[in-house]
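S.K.: Please see the structure below; I have some questions.
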Amino acid sequence: MLRKLAYISIVASLLGANLISVGIAGFRLSLFRIVVIVILITVIAFAFLKNGNVRLPECIIKSYSVQFMMIWLFYAVCSVLWVKDDMSWLTAVFFIATGVICVVLFSSVFRSLKDFKPVILVFAFMLVFHVLVAIFEQITGIYPLTSDQNNKFIRLGLPLTTFRNTNDFATFITLVVFILYTAVAISGKKIVKVLGSLVALCCVWLVLVTDSRANIIGLILGTSFLLFTSIPNNKAKKYVISVLSFLWVIIIFSTDVIEKISIIVISIVKFEFSSGSSSDSIRINLLKNGLEFMIKTWGLGTGAGNVEYWVANEAIYDTGSIMNMHNWWMEIFTGFGILIFVLYLLFFMKMFADFYLVQRDSKRSDERIIARGFLCFMAAFIISSISSSTLINVEWLWVFWAVAIAFQFNVIERGKRDEDPSHQLIL
């Protein structure tokens, strides 16, 4: 039953929070959130049925990634002692808690390599769903899954599907296209490769349509990792690097990135940060405010969900009407302080290294492919994560990290521990 609920939670998160939701006491409960609550109640019910004889899940004892998630949640809860906006704190803690629940659940039910293949297919099919809806929106100008037809992104003719804004949509397309690669590569069928390639090309086109710079660069970075890690011959890799370098130069010049970077660098060197309303100057001021908040909170951070409150009420540098950090890395640093930020970096780097080594050294092709897809996802995420205003409430991302952590623990780390590399734990 728990495994079925896990699959349902994955599908629900990928449908989007705005498609199906109900309001309860001023709080919106999406289908995913409802499923997670049902999962929690089910686990508690099973515990009582076993007369309280419940063992601590193995992943909590042996997985650094799971332990980090537990520490992050504990720190977020404790931050209630110094937060200034209790409702925003509660919302942030809720999302982190849903992530922890998914991490523990997925690590407990997805135990073997074959368990992850249906999960990969679900991600791939849901990507196709969003791509088809986005293409329909672009062709017809009709947005069938958007409740707010006065949305400014609709007036601009940008793709949305079930997402709140175009940046969130672009981030989803940019990252999940590498899970599509995984599904196609595992299949190995020619027709699947052809259709998968068409969908991937549509993803590239849609990201370009959104004109999201961070996601465009993230897509290039992820694709660069994909090409580099997929080619076994070192001589061929040199040619790939040359071609990618050439493409990078073209893109830089075609998008006026040099001019934008020059403005930012000069402003940093001269300590002259514009208080104007341009996107770049506002982002710079958000970063400077974040550093000021860290000093004021003695490195503890503003507390879970309280960055927006501080920007609105304690900001030194003008950010106009923008209250979110628009930078995931800075959001963690500012909101949760130095300790959690450092632990998060260790969590990210360890997982990145694990996926790289497995895609390079594993003797099982499916394991290499899945690890490579996750690796490219993470490479793209490094840049794409600075596109959206915030990622703390993005349900499908919590689900992806839960899947990735489960794969890391049950396939990669268990493989290191077991003498027999073919040994798998099956429910």
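Values quoted throughout were computed directly from the atomic coordinates according to the rules given, and no laboratory measurement underlies them. This one's a predicted model, so the numbers in the text were calculated from it and none came from an experiment. Cβ sites come from the backbone with ideal geometry, for glycine too, and all protein chains shown count toward neighbours.
S.K.: Considering only 401, 332, 391, whose Cα is most displaced toward the positive end of the charge dipole of region 311-404, charges sitting on Cβ of Lys, Arg (+1) and Asp, Glu (-1)?
M.R.: The residue sitting most towards the positive pole is 401.
S.K.: Suppose each label sits 7 Å from its Cα in the direction of the beta carbon; what would the residue 321-residue 195 distance come out to in nanometres?
M.R.: Inter-label distance under the simple model: 4.4 nm.
S.K.: According to the square roots a ≥ b ≥ c of the eigenvalues of the Cα gyration tensor, what is the shape class of region 166-208, taking rounded for a/c under 1.5, prolate for a/b larger than b/c otherwise, and oblate for the remainder?
M.R.: oblate
S.K.: Please list the equivalent ellipsoid semi-axes of region 140-191, computed as the square roots of five times the alpha-carbon gyration tensor eigenvalues, in descending order and whole angstrom.
M.R.: Three semi-axes, in Å: 30, 12, 8.
S.K.: Working only with C-alpha atoms, what are the Rg and Dmax values of region 92-241, expressed in angstrom?
M.R.: Considering region 92-241 through its Cα atoms, Rg and Dmax are 17.6, 53 Å.
S.K.: In what sequence do 308, 314, 137 fall when counting other Cβ within 10 Å, fewest first? Mind dumping the intermediate values first?
M.R.: Numbers: 308 19, 314 14, 137 23.
Lowest to highest Cβ neighbour count: 314, 308, 137.
S.K.: Here is a further query. Please provide three numbers in whole Å: the alpha-carbon extents of region 59-135 along the principal axes, with the largest listed first.
M.R.: 44, 38, 14
S.K.: What list do you get for 82, 72 if you sort them by fewest beta carbons within 10 Å?
M.R.: Working: 82 14, 72 21.
Going from sparsest to densest Cβ surroundings: 82, 72.
S.K.: Give me 143, 181 ranked fewest to most by other Cβ atoms within 10 Å of their Cβ, as a rough exposure proxy.
M.R.: Ascending Cβ contact count within 10 Å gives the list 143, 181.
S.K.: Excluding same-chain pairs closer than 8 in sequence, count the lysine pairs in region 74-198 whose Cα atoms lie under 20 Å apart.
M.R.: Total qualifying Lys-Lys pairs in region 74-198 comes to 4.
S.K.: Is region 314-378 rounded, prolate or oblate when judged by the Cα gyration tensor, a ≥ b ≥ c being the square roots of its eigenvalues, rounded requiring a/c under 1.5 and prolate requiring a/b larger than b/c?
M.R.: Prolate is the answer for region 314-378, as a/c is 1.5 or above and a/b outweighs b/c.
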